[in-house]
Amino acid sequence: MSSDFGRVCIRNVCQWLRTGRAVPLGLRIGIGFVFLYASIDKLIHPDQFAEVMTDYEILPKAVVNVAALWLAWLEVLLGVLLIAGVWVRSAALMVTALTVIFIAGISVALTRGIALHCGCFSTDPGGHARTWVSLWQEGLLLLACLWLTARAFRDSAESRSSYGPTNPR
Amino acid sequence: MIPDRTDLLNRTRMTVRAALSELPRIAAIAAAALVLATAANAVHPMRLPLLTGQLQPGIPRWVAARLRQVDAQEAKRLVDDPKVLVVDTRDARDFRQGHLPRAVSLPYHGFGEQYPEFAATVPKDRPLLLYCYGSDCGLAARVGKRLIAAGYTDVAILRHGIEAWKAANLPLETPGEHNEQ
């Protein structure tokens, strides 16, 4: 029984690798975990995350609390959806948009000369201040998100053209 | 093969249409996150007011109610009282350039590292006077929030920070002039 299960697993993994599905699957789950991990400290210390968001000086102070609370839970939901493979196109679009917003926010703060702590994975104000060089992490995440989004839309377009009512096979 | 202009235009149109078709799901995810955030906030010990109003962002109402705001004259009376510990929450570099008399440095940006030593030497019932830079500065309230959460019972904040102290022509001190806690 267990050897059958093992054989099936190995066969599936080999099939994923052969058909090129392993990389997008790994990337989707990886990005999901990044967003889920990023949300943990924000959920535990929403008040401290609101402080970090205030330091960016982008949002009006009146809405910083609700934005901080919302963003933490948005990251949770997007992480769960990506890991579970549900609503992948929407989730991929949203993580891409969020990453663009993060990069824009950090860039605006750096341009203004504000020495800020990112608040991306930790709300501790004692962390290292962000620099232009440290933006490579978000840059890398953005590339991965863009690729995932493109892949998700391409896959669904291919499946539509293959199995859709306009072109039945 | 390089796609021609019409093909590229069609593909772009299809991509945009596909992205737009995701809008209802995107709205649903955003709304679900808002509902979850509101529910979780309602039961969180550091429950935040959704719209800050007069409060600073990140400061719960119950904390704000326990942070006593004092003006420069009241702060002078507290500084002259040896039972009160004066706490400078600005960056250590600014503290070194001048601070309120008898003040000790507990900067917001180094709170995690310096708090254990502070907690070991300062009893929880000792009255504290916190201050930072000026009117827009929220560092004193942020440090005050952490101290109240840690169990300190008597925390006052100098309204408008060290700027109010200077405006009242009260004296400043440089580190080393007074080392007593």
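The values are calculated or read from the model by the stated rules, or taken from the named source; none is laboratory data. Note that the structure is a prediction, hence the values are computed from the model and not measured. Cβ: placed from backbone, ideal geometry, glycine included. Neighbour counts: every protein chain shown. When the accessible area is computed, the model is the full protein with side chains, heavy atoms only, and any ligands, DNA or RNA have been set aside. Shrake-Rupley method; radii C 1.70, N 1.55, O 1.52, S 1.80 Å.
Some points to look at:
- Over all distinct Cα-Cα pairs of chain A, the Kirkwood formula returns a hydrodynamic radius of 18.0 Å.
- Ranked from largest, the principal axis spans of the Cα set of region A:1-101 equal 58, 26, 18 Å.
- Put simply, the C-alpha atoms of region A:6-64 give a gyration tensor, and the ellipsoid matching it has half-axes of 42, 13, 6 Å, longest first.
- For region B:107-181, the Kirkwood estimate of the hydrodynamic radius, built from every pair of different alpha carbons, is 13.5 Å.
- Gyration tensor analysis over the Cα atoms of region A:50-147 returns equivalent ellipsoid semi-axes of 24, 17, 12 Å (largest first, whole Å).
- Pairwise burial B:A, computed as accessible area of each alone minus the pair, summed, 1.4 Å, Å²: 3000 Å²
- Carbon/sulfur fraction of accessible area - region A:58-123, other protein chains in place, 1.4 Å, %: 78 percent
- Chain B - percent of accessible surface contributed by carbon and sulfur, probe 1.4 Å: 57 percent
- Distance violations [Cα-Cα > 19 Å] among B:Lys76/B:Lys124; A:Lys42/B:Lys145; B:Lys76/B:Lys166: B:Lys76/B:Lys124
- Separation of alpha-carbon centers, region B:45-69 and region A:79-110, rounded to whole Å: 30 Å
- Alpha-carbon gyration tensor eigenvalues x 5, square-rooted, for region A:94-158, Å: 29, 11, 9
- Calculated P(r) of region B:1-84 - Cα pairs past 16 Å, %: 75 percent
- Shown in residue order for region A:144-155 are the 3J(HN,Hα) couplings computed by the Karplus curve 6.51 cos²θ - 1.76 cosθ + 1.60 at θ = phi - 60°: 5, 5, 4, 5, 4, 4, 4, 5, 4, 6, 5, 4 Hz (x for Gly and Pro).
- In region B:2-98, trypsin sites (Lys or Arg not before Pro) in a DSSP loop with at most 12 other beta-carbon atoms within 10 Å: B:Lys83
- Reciprocal of mean inverse Cα separation for region B:44-93 (Kirkwood radius, Å): 13.4 Å
- Here, the protein assembly as shown has an Rg and a Dmax of 26.3, 88 Å when only alpha carbons are counted.
- Once the 1.4 Å probe is applied to the protein heavy atoms, chain B comes out at 55 Å² accessible per residue.
- Translational diffusion coefficient (Stokes-Einstein; Kirkwood radius from C-alpha pairs) of chain B at 4 °C, 1.567 mPa s, in µm²/s: 67 µm²/s
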